[in-house]
Amino acid sequence: MTAPKALPRRAMFRAGRLTAAASLGILMAACNVSGSVGASPAEPGDPVETRAANAPDQTPAFEGQTRAPGVITEGQLSHTVVAEGLVNPWGMALMPDGNWLVTERPGRLRIITADGQVGEPVSGLPDVDARGQGGLLDVVTGPDFANDRMIYWSYSEPRDGGNGTTVARGILSADGSRVEAVEVIFRAVPAYAGDKHFGSSLAFAPDGKLFITVGERSDAAVRDQAQDLGSHYGKTIRINADGTVPSDNPFVGQAGARPEIWSWGHRNPQGIAVASDGAVWSVEHGPRGGDEINLTRPGLNYGWPEVTYGIEYRGAAVGEGITAREGTEQPVYYWDPVIAPGGMTIYRGAMFPGWEGNLLVAALGQKHIARLVIEDDRVVGEERLLTDLGDRVRDVAVGPDGAVWAITDERNGKLVRLYRP
């Protein structure tokens, strides 16, 4: 396949490809755009979400659990489309040289330079089952990448009986053209012949442990396994970098439980980030309403599908329609209606000092980056960034200078930089 094209800092589009009106709209999104790139509250402190809830009779468990006060970043923001032409990119990882590893869901891994040069697909990756929501998914560099060039990636692996979320690792060659010494370090079981809810976000903790999110595969026939400790479905996983199980995992030695499990009762978590103090934050898709931010702690049950905010897609209650139950954890925050969250990161950087420690969440359905201000493990403010782009934001990361980078899940997927001019 021909490599996607890069765009210069001031993106240009070939004449004759677009109508004048469409061309103007796209160029405004693709070039350096100064000024508003976020959704502002109607009045200071008003929530940025104004749509009616799908489940209006449900009430939050505590103040600020949903529709937090809107906040606005002072000063100008700009965004630049650095590269385009990617096919449904899913995950991104920064390398020490400032270049990016970016996955494309059909099964390709590429290196994109900070100035937008898009490389040919990296060879050596295993086959993926690229159907529905499946394919090549997240990618991260290993804790000692500068020395061993080890990278880790997740994907929907074709198997007897269907497919499943799998994580492999390998050594990226010095020239970036191939991955060598590939080995699988985790396979979610059981296999299932479906094409949804693979979860599949990856994050290393400061102690070198690898966290993996696994979805509950969506279908009514299997989603109850989110409540089954004998299944990896609907779980957060914690393993060592070589795939072995840490001895202090919460279910090690418990009969009938998978020892890799860290937390359970999740629906389709597609974003995870670990703070410098080791706190593990995740974000997951809810049903119709009920996207959740969770502070995932070892051994705890986050409720799905027995406890949830939101309703079934067809409009009925999920299970008994309850939002709380003894023995299950409340989300730190939820959205109703949904934003359809993708990846997430914790902001650490010099460019936006007022964002330090904030959660940045990619929003597929609502096409923005949600900035969540965190105080004492609660959300006290929300801002919507990059709304002018008009694309499904799949993943978000922070660059060396503190600029925010994102990829968009489109047939013409983009690598975008958000910064202060």
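Okay, here's what the table says:
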{"item": "Candidates 110, 149, 67, filtered to the one that is touching a strand residue (DSSP E or B) at 6+ places or on another chain (Cβ under 9 Å), on the phi < 0 side of the Ramachandran plot and basic (Lys, Arg)", "result": "110"}
{"item": "Subset of segment 304-326 [surrounded by 19 or more Cβ atoms within 10 Å (Cβ to Cβ) and either closer than 16 Å to residue 268 by Cα or without any contact (Cβ under 8 Å) to a residue 40 or more places away in the chain (or both)]", "result": "304, 305, 307, 308, 309, 310, 311, 318"}
{"item": "Residue check, residue 329 open to solvent by 10 Å² or more (accessible area, probe 1.4 Å), touching a Leu at 6+ places or on another chain (Cβ under 6 Å) and part of a loop (DSSP other than H, G, I, E, B)", "result": "yes"}
{"item": "Meets criteria (free of Cβ contacts under 8 Å to residues at least 40 places away in the same chain and at negative phi) for residue 366", "result": "yes"}
{"item": "Tally of residues being of a type in the set (A, V, I, L, M, F, W, C), outside any loop (DSSP other than H, G, I, E, B) and in contact (Cβ under 8 Å) with a residue 40 or more places away in the chain across segment 219-264", "result": "4"}
{"item": "Subset of segment 144-160 [more than 18 Å from residue 96 (Cβ to Cβ) and open to solvent by 60 Å² or more (accessible area, probe 1.4 Å)]", "result": "158, 160"}
{"item": "Output for segment 84-142, where each listed residue is in contact with a helix residue (DSSP H, G or I) (Cβ under 9 Å, 6 or more places away or on another chain) and more than 26 Å from residue 197 (Cα to Cα)", "result": "84, 95, 96"}
{"item": "Filtered residues of segment 96-111 (kept if of a type in the set (A, V, I, L, M, F, W, C) and either surrounded by fewer than 18 Cβ atoms within 10 Å (Cβ to Cβ) or within 11 Å of residue 413 (Cβ to Cβ) (or both))", "result": "102"}
{"item": "Residues within segment 386-409 that are part of a strand (DSSP E or B) and buried (at least 24 other Cβ atoms within 10 Å of the Cβ), tallied", "result": "8"}
{"item": "Pick from segment 332-344, criterion in a loop (DSSP other than H, G, I, E, B) and in contact with a Pro (Cβ under 9 Å, 6 or more places away or on another chain), ranking: surrounded by the fewest Cβ atoms within 10 Å (Cβ to Cβ)", "result": "338"}
{"item": "Residue in segment 173-194 that is free of Cβ contacts under 8 Å to residues at least 24 places away in the same chain, assigned to a loop (DSSP other than H, G, I, E, B), open to solvent by 40 Å² or more (accessible area, probe 1.4 Å) and not β-branched (Val, Ile, Thr) present", "result": "yes"}
{"item": "Matching residues in segment 55-95 - criterion: being open to solvent by 30 Å² or more (accessible area, probe 1.4 Å) and of a type in the set (D, E, K, R)", "result": "57, 63, 67, 74"}
{"item": "Selection status of residue 419, among the hydroxyl-bearing types (Ser, Thr, Tyr) and farther than 24 Å from residue 235 by Cα", "result": "yes"}
{"item": "Single condition residue 135 does not satisfy, out of (1) crowded, with 17+ Cβ neighbours inside 10 Å; (2) without any contact (Cβ under 8 Å) to a residue 40 or more places away in the chain", "result": "(2)"}
{"item": "Test: residue in segment 345-368 that is within 23 Å of residue 73 (Cα to Cα), aliphatic (A, V, I, L, M) and either open to solvent by 20 Å² or more (accessible area, probe 1.4 Å) or in contact with a helix residue (DSSP H, G or I) (Cβ under 6 Å, 6 or more places away or on another chain) (or both)", "result": "yes"}
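The values are calculated or read from the model by the stated rules, or taken from the named source; none is laboratory data. The structure presented is a predicted model; accordingly, all values stated were derived computationally and were not measured. A quick note on method: Cβ atoms are made from the backbone with ideal geometry, for glycine too, and the neighbour counts reach across all protein chains shown. Side chains included, ligands, DNA and RNA excluded: accessible areas come from the protein's heavy atoms. Shrake-Rupley method; radii C 1.70, N 1.55, O 1.52, S 1.80 Å.
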